[in-house]
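Participant: Just dropping this structure here.
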Amino acid sequence: MAERRSALPKILIAVYLIPVLFPFYWMLKSALETPADVYKPRLWLGSFTLENFDTLLRTTNFLVTASNSLKAALISSVIVVVCSGLGGYALARTNIPRKASIAQIVLFSYMFPEVLLGIPFFALFQKLGLLNSIWGLAIAHVTLSLPFGLWLMWQFYQALPKSYEEAAEIDGASKFQTFLLVMVPLSIPALTAVFIFAFAASWNDFVLGLMLIRDDQKFTLPIAMSLFVQQMELNWAVIQAANFLLALPGLLLVLFGRKYLVRGFQTSGLAN
């Protein structure tokens, strides 16, 4: 009886994972088949070929758009991590009036849809000369994850005991040295969780990229993916190969960074 009870959670997890993982399996399966076999419904590979990936890389600007997405995601993620760490520590350790209300207002801004953010960004970047640039897009992407990152780091630093900082101050460390040499190493799991979240938000963004980028050589992957349907003449095998490569970075980040995600959310209290 005890063995059955211990096996029940595993069975439930397996049942849950089937609909979650099946789309990824079907996407990879279609990417590895010939275009003719894609239209033949079967659960297993009808053929195996890497020609779809070769066609994608040779006949489209996939690598250029992937490079644009990577640049925008890395720039915005670094900015979000730095601002979230500094802002969260300031909210947790300084006597700012109504700091709880400030944090709530910042988190509330996360509820605004991207279309509403894109319109003022378009007007502002047009005056600043940042329109149709990767740097401008990266700055816009910061708004997608900074509110959540700031909230997460605020909760994280509140959960850390002040004894670490007090010990550093006794040793003669300044406030900034205490933050940089003591608090930052302790907050690596939470900062990693913020980085993964910010990278995924930027990498998958479509609306802001569509509104702020006009040059096809500066398109990001989600925008280019919408054009592949026309360029590939509905060659779903090649399109699925592009979908797989688009999803791959996010999957790898979550796979190799899952322990930091769990530790970051647990320490901040968001996993309770």
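The values are calculated or read from the model by the stated rules, or taken from the named source; none is laboratory data. Bear in mind the structure is a predicted one, so any value in this text is a computation, not a measurement. For neighbour counting, all protein chains shown are included, and Cβ atoms are generated from backbone atoms with ideal geometry for every residue, glycine included. Side chains included, ligands, DNA and RNA excluded: accessible areas come from the protein's heavy atoms. Shrake-Rupley method; radii C 1.70, N 1.55, O 1.52, S 1.80 Å.
Participant: Where does each of 68-78, 244-254, 101-111, 37-47 land if you order them by average Cβ count within 10 Å, highest first?
Facilitator: Those peptides, ordered most packed to least, come out 68-78, 244-254, 101-111, 37-47.
Participant: Can you give the helix-only mean residue ellipticity at 222 nm for the chain, where every DSSP H stretch with n ≥ 4 adds -39500 (n - 2.57) and the sum goes over all residues, rounded to the nearest 500 deg cm²/dmol?
Facilitator: So the helix-based figure for the chain works out to -25000 deg cm²/dmol.
Participant: Now for a different question. How would you classify the chain from its alpha-carbon gyration tensor, with a ≥ b ≥ c the square roots of the eigenvalues: rounded for a/c under 1.5, else prolate if a/b is greater than b/c, otherwise oblate? Present the calculation step by step, with values, prior to reporting the outcome.
Facilitator: Details: a/c = 2.55, a/b = 1.40, b/c = 1.83.
Oblate is the answer for the chain, as a/c is 1.5 or above yet b/c matches or exceeds a/b.
Participant: What's the angle, to the nearest 10 degrees (0 to 90), between helix 62-93's Cα axis and the longest principal axis of the chain?
Facilitator: 20
Participant: To the nearest 10 degrees, how steep is helix 188-203 against the longest Cα principal axis of the chain, on a 0 to 90 scale?
Facilitator: For 188-203 against the chain, the angle is about 40 degrees.
Participant: Any chance you could check the Cα centroid distance between segment 184-202 and segment 36-67 for me, in angstrom?
Facilitator: 32
Participant: What does the charge count near Pro249 come to, summing +1 for each Lys or Arg and -1 for each Asp or Glu among other residues with Cβ under 14 Å from its Cβ?
Facilitator: Counting the neighbours of Pro249, the net charge comes to 0.
Participant: Given a 1.4 Å probe, how much area per residue of the chain is accessible, in Å²?
Facilitator: I get 57 Å² per residue for this part.
Participant: Bin by bin, in steps of 5 Å, what percent of the Cα pairs in segment 13-67 do you find, going until the bin that has the longest distance?
Facilitator: Histogramming segment 13-67 at 5 Å steps yields 4, 18, 20, 18, 17, 13, 8, 3, 0 percent.
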